[in-house]
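Everything below concerns the one structure shown next.
The values are calculated or read from the model by the stated rules, or taken from the named source; none is laboratory data. Keep in mind that what you see is a predicted model, and the values were worked out from it rather than measured. All Cβ positions, even for glycine, are placed from backbone atoms using ideal geometry, and neighbour counts span all protein chains on display. Areas reflect the complete protein model, heavy atoms only, side chains present, ligands, DNA and RNA absent. Shrake-Rupley method; radii C 1.70, N 1.55, O 1.52, S 1.80 Å.
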Amino acid sequence: MVSVSAVAPPGVGRALPRIRAMLMIGMVCCGALSVAACGGGSGAKDAAHPSPVPLPEPTSNSQAVASQNLGHLWPLTVDNGTIECRAGELAVFVAPDGKSYALNDKAEQSGLASIEPLRANGAGGDKISLGALRSRTLQLCKFTG
């Protein structure tokens, strides 16, 4: 067996263990990112709605919404409701029973109930992000006076 020091310039033999370690760290990080990216949706897959059904373009500050509109990104335990943007950029979800829930801090600070009791857990046990529903709700703010 030929040693590294016999064929490589001086100092390279000491650098190889560090290079190997850096490569291993890089491979582990890439693997971890790949796994995290694959599981990022977290919501339950709905076999009846494999692809989300797009919402129509909004025409007012209120719009009916259902789980099939967001597919596996649907963050709630109820399957439909109404999203509203009220004056002051209050993002609100109105449940089928008529109760209003805050989708953002401004709405919660105005006295609306927290959406937390309606939040669904994803595959990993964490709460599914409200981001997609909140974003769609805030798009309605252009219609508030």
Expressed in nanometres to one decimal, the distance between label points 7 Å along Cα→Cβ at Leu118 and Leu138 is 1.9
Once the in-chain neighbours fewer than 8 apart are removed, the aspartates and glutamates whose Cα is under 12 Å from Lys127 read Glu116
In Å², rounded to a whole number, the accessible area per residue of segment 48-138 with probe 1.4 Å is 51
Residues of segment 112-145 with backbone N under 16 Å of the label point set 7 Å from the Cα of Ala87 along Cα→Cβ are 141-145
